[in-house]
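The values are calculated or read from the model by the stated rules, or taken from the named source; none is laboratory data. Small disclaimer: the values here were computed from a predicted structure and weren't measured. Here the Cβ positions follow ideal geometry from the backbone for every residue, glycine too, while neighbour counts run over all protein chains shown. For accessibility, only protein heavy atoms count, side chains too; no ligands or nucleic acids. Shrake-Rupley method; radii C 1.70, N 1.55, O 1.52, S 1.80 Å.
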Amino acid sequence: MARRGGFPSNKFCNKEKSEIYHCLVCFDVCMCRAPVTCHSGAHLFCLVCLAESLQHNPSCPVCREPLVSPVPSAFAAAQVSALDIVCVHNQCKWKGMCGQLDSHLDTDCLHESVKCPDNSCIALVPRGEMAMHQQFACLQSCPNSKSHAKRTVDNTCDVRLSRHDFVDHLENHCKLRIIHCPHPHCDVSTMHCRMLAHVEVCPYAPVSCPRKCGAKSLVRQSLDAHRKDCLKEPIACVHAPLGCSHVAPRSEILLHEQDVALHFSIASSKAFAEQQQLYQQQISELKQMFEQKLHILEMKLEEQMTLFNSRQQKQTELMEKSLEKQATTFKMQQQAQLSLLKENLEEIKMSLQPLVAKAEAEAKAAEKAAEAKKKLAQARAKEARRREMKEEEEGYDYDYYSGHY
């Protein structure tokens with residue numbers, strides 16, 4: 001069994017020799033299986049103590065030399081293992097070498113705390129008291145639960161108790177214990193947790209008449225037979241087929257059935273109602289027949305309208321085609337007349353070309369004559385001006401009528 005830290009020095013028989021192998025962290029004697037040192041080998045520690053120290057500071061706790069991992073010391077382990085030591089439990093009288101202490105604690109020491117072998121129990125109990133713990137203190141599951149492969153609410157007992165109380169629990173308290181039906185003449189045996197459901201339907205369970213007639217010694221299976229004779233059971237009148245809906249206890253129904261006038265009135269009312277119902281049914285049938293015939297006529301009318309529309313559509317299409325054909329013919333005639341007019345116009349243009357050329361020549365000749373007259377008039381005006389100027393210079397008057405000075 002692995003232990004943390006070392007052993008107290010007062011447990012060793014040779015205290016002075018054991019103090020040589022003290023751990024410099026916990027100051028107990030280092031465990032024989034795990035003494036370690038730093039790199040210098042001068043400082044001795046328990047493996048657990050040095051590992052915890054290195055987690056906070058990766059150096060030797062004494063010389064502060066950098067240290068990543070502890071260095072095992074086989075010499076110190078052998079020396080500590082050979083030291084004589086007594087058991088760590090004061091009540092135990094065992095004595096031997098330190099190397100044998102772990103084996104003693106794991107197997108022989110009656111004062112070493114060990115876990116209860118029951119997996120559902122987490123208690124740590126001294127080995128010598130384990131039998132007493134299992135008998136009186138260890139809480140275990142009810143053994144009835146383990147006998148059922150499929151655990152459900154009805155077949156699981158969650159009670160935990162000591163073995164000392166098993167017998168009383170199984171006989172008087174376990175909900176999975178088998179018990180017999182408490183009603184006489186009933187042979188059913190089932191679990192206690194299911195007995196209540198059985199009692200609610202047990203055919204031999206004592207019951208009282210639901211009509212409170214006072215009958216005694218009734219059981220559930222004879223209740224239906226009793227209701228056939230119960231004087232307080234409500235029953236219908238024998239004249240119900242005639243329309244009487246009266247319901248009364250069996251002890252009072254006879255008096256009602258003897259009332260002839262009442263039942264005659266009820267029968268008459270029913271006959272009248274049936275006749276009215278028959279009339280209503282016939283009216284409904286006639287109405288349905290009329291609706292069917294009306295529906296047939298509507299369908300025929302719809303067919304006729306569809307046929308008429310089809311014919312109208314065909315006639316419209318034929319008229320459109322005829323009009324289209326006439327329009328095409330008229331258009332062709334118009335185009336032919338237009339072409340003829342164009343040809344006549346061209347012939348007229350051809351016949352008028354010589355006259356147009358002659359008129360153009362005469363116009364040009366007239367223009368030339370007018371131009372010549374204009375130039376002659378300009379020359380005459382110029383000559384007249386020249387002469388006037390000459391007369392003014394020489395002092396002669398020019399006679400425009402005679403043409404002499």
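The table below lists the values:
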quantity	calculated
Helical mean residue ellipticity (222 nm; -39500 (n - 2.57) per DSSP H run of 4+; nearest 500) of the chain	-16500 deg cm²/dmol
Principal axis dimensions, largest first and in whole angstrom, of region 287-357 by Cα	101, 13, 5
Quotient of Cα Rg and 2.2 N^0.38 Å for region 65-136, N being how many residues it contains	1.55
Accessible surface of the chain, 1.4 Å probe, proportion on carbon and sulfur as whole %	57
Integer Hz, Karplus 6.51/-1.76/1.60 couplings in order for region 384-390, x for Gly and Pro	5, 5, 5, 5, 4, 5, 5
Inter-label distance for ILE122 and GLU360, nm, one decimal - labels placed 7 Å from Cα along Cα-to-Cβ	13.3
Under 11 Å, Cβ to Cβ, from GLN100 - net charge with Lys/Arg +1 and Asp/Glu -1	-3
Gaussian network model of the chain, Cα within-10 Å springs - most flexible of ASN309, ASN14, ASN344	ASN344
Share antiparallel - DSSP beta bridges, the chain, percent rounded to 5	100
Length added when fully stretched, ILE283-ARG380, from 0.36 nm per residue minus Cα-Cα	21.7 nm
Under 26 Å from LYS287, Cα to Cα: lysines that are on another chain or at least 8 residues apart	LYS270, LYS300
Percent RCO, i.e. relative contact order, over the chain, from Cα pairs under 8 Å lying at least 6 residues apart	5
Cα→Cβ-extended label distance, 7 Å offset, between GLN333 and ASP224, nm	10.5
Choice from ALA336, ALA261, ALA42 showing the highest fluctuation, given a GNM over the chain with Cα pairs closer than 10 Å	ALA336
5 Å-binned pair-distance histogram of region 191-339 (Cα, whole percent)	2, 7, 7, 7, 6, 6, 6, 5, 5, 5, 5, 4, 4, 4, 4, 3, 3, 3, 3, 3, 3, 2, 2, 2, 1, 0, 0
For the chain, diffusion coefficient by Stokes-Einstein and Kirkwood Rh (Cα), 4 °C, 1.567 mPa s, µm²/s	31
Rg over Rh [alpha-carbon atoms, Kirkwood Rh] for region 26-110	1.06
Kirkwood-based Rg to Rh ratio, region 228-273, C-alpha trace	1.03
Under the Debye formula (equal points on every Cα, no solvent term), log10 I(q)/I(0) of region 285-405 at q = 0.11, 0.16, 0.21 Å⁻¹	-0.80, -0.98, -1.14
The chain, accessible area per residue, ligands and nucleic acids excluded (1.4 Å, Å²)	74
Max mean-square fluctuation residue, GNM over the chain, Cα-Cα springs under 10 Å, options PRO206, PRO234, PRO58	PRO58
Order of exposure, largest accessible area first, which applies to PHE136, PHE264 with probe 1.4 Å	PHE264, PHE136
Note, ³J(HN,Hα) from phi for region 35-48, Karplus 6.51, -1.76, 1.60, rounded to Hz, x at Gly and Pro	x, 9, 9, 7, 5, 6, x, 8, 10, 9, 9, 6, 4, 5
